[in-house]
Every structure is written in structure tokens, then in C-alpha cells.
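The values are calculated or read from the model by the stated rules, or taken from the named source; none is laboratory data. Just so it is clear, the structure is predicted and the values come from calculations on it, not from any experiment. Positions of Cβ are backbone-derived with ideal geometry, glycine not excepted, and every protein chain shown enters the neighbour counts. The protein model used for the area step is the full one, side chains on, heavy atoms only, and it has no ligands, DNA or RNA in it. Shrake-Rupley method; radii C 1.70, N 1.55, O 1.52, S 1.80 Å.
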Amino acid sequence: QVQVVESGGGLVQPGGSLSLSCTASASIFGYNMGWYRQAPGNQRELVAEVNSIGRIIYADSVLGRFTISRDNVKNTLFLQMNTLKPEDTAVYYCHLARDLGYWGKGTLVTVSS
């Protein structure tokens, strides 16, 4: 069973930055990985995804503010979040598209003054 663990969430003021990490217990090489988020009362939505060859897509709402990257040696996915807004408040989940797919338990990001 592959485990995926997110870290780095917390409370930040509007305009601030946070960096999230997601580490898998198995190799991520050759697999798509993505960050999703779910705010209270909303459905889970894609934030950003990087495929196995490095192609990246972002949700329009985070384009220009968030940066996704991956380290295949360390089996880790990153999300650098800048210029955070209150509407970015959500639980952020990491997804590894390996086998039937693996989700982490999520890390809470709260943007508030």
C-alpha cells in the first residue's frame, strides 16, 4: 500500500506565502501527480498537476501565484503558494496517479487576517 503524506499547511495572512510538500512511500517516477483542494461546502477541485514528463496545468484561479514542482529522486511533490487570498482557504490534497490512485489525508491552509 502506497502512502502519500502532505505537510506545510497552516495559517497565513492575505498576501502571504506557504509551501506545501507531499511525499510518497513509493516511486513517483513516470506518474502524474497533482494538488487538489476542498473548501467547506465545495467540491474538491484541481489546483495544479504535473505529468510524468513535466507538463504542468494550473487552475485559472491560481495561475501566476502558485508553482507546482516535483522531485522524482525524493518522491516528493511541492506547491509554492504566493500572494495568498482568503478564497484559497481549503484542505489541500495530494494525488498520485499510480495504480488506482492514492490520496493523502490533506493539510489545512487558512488565509485570514
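Probing with 1.4 Å while keeping every protein chain in the model, the per residue accessible area of the chain equals 54 Å².
Considering only Cys94, Gly106, Ser25, the residue lying farthest towards the positive end of the dipole of the chain is Ser25, judged by Cα position with unit charges set on Cβ. About the centre of its Cα atoms, the chain shows a dipole size close to 120 debye [charges on the beta carbon of Lys, Arg (+1) and Asp, Glu (-1) only; nearest 20 debye].
Scoring 3-10, 58-65 by mean Cβ neighbours within 10 Å over their residues and listing the highest first yields 3-10, 58-65. Restricting the calculation to Cα atoms, the chain shows an Rg/Rh of 0.95 when the hydrodynamic-style radius is the Kirkwood one.
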